[in-house]
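Read the figures in this text as sums done on the coordinates, not as results from a lab. The structure presented is a predicted model; accordingly, all values stated were derived computationally and were not measured. Backbone-built Cβ (ideal geometry, glycine too); neighbour counts: all protein chains shown.
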Amino acid sequence: MKKLLKNEKGFTLIELAIVLVIIGIIIGAVMKGQDLIENARHKKLANTVKQFEVLAWGFLDRKGYFPGDDSPRDGLIEGNVSTALISSGRFLDPPTTNSIILGSFTFYVWLGNSGTRNIIAVTNTDGATAAVLGNEELAYMEAFDTSIDGTANGNGGRVRATTTAMTLNSGSWLVTGTPASATWDTANVRALIYYFDRNP
């Protein structure tokens, strides 16, 4: 029995080093995988918001006015967007909700106007007014800003950050209010505003 124990050896330093390198590679892959998942969610938000834009333009092509451009037909979205998109537009697969669920976050897409231009707003609430966005939610907004404007500054281009408490109508998917532009790092950012039909 003593002879068998003499021949047993432990791991060499090289073997331990190889194991540590493999563990490091696995941890790095997991961390990179999490970044890839988060980036995919950012792109999904951007693509879904753009689908609402495509629906608005498709509605304009079919009907001659934007969804929610009620009387008078002045080119501004100011009425019931959801009914227009779901029923009047006669789309094959219209959206049944204005919410986008991405992991633990839920965002809401609204159409309306800023007084002189049509907008799409993205918020984190379905309530009467837009709530303040958290840091992780702002990362989604910055990614969308970059996808449209090429940079995430929030106060220039077609995508803007706003601290204005926009009024939301969950029954009609309508947003109203005059958004004041801000940067993404400003405290109390409440919504992303996308001027989809004309530059502000």
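Could you work out how far helix 135-149 tilts from the main Cα principal axis of the chain, as a 0 to 90 degree angle to the nearest 10?
60
Assigning unit charges at the beta carbon (Lys, Arg +1; Asp, Glu -1) and nothing else, what dipole magnitude in debye, to the nearest 20, does the chain show about its Cα centre?
Here the size comes out at about 820 debye.
Roughly what angle does helix 13-63 make with the longest principal axis of the chain, taking Cα atoms, 0 to 90 degrees, to the nearest 10?
10
Please work out, to two decimal places, the log10 of the ratio I(q)/I(0) at q = 0.12, 0.14, 0.16 Å⁻¹ from a Debye calculation in which every Cα of the chain carries one identical scatterer.
-0.62, -0.79, -0.98
What aspartates and glutamates does residue 63 reach when the alpha-carbon gap must be under 17 Å and sequence neighbours fewer than 8 apart in one chain are set aside?
The qualifying aspartates and glutamates are 53, 74, 78, 197.
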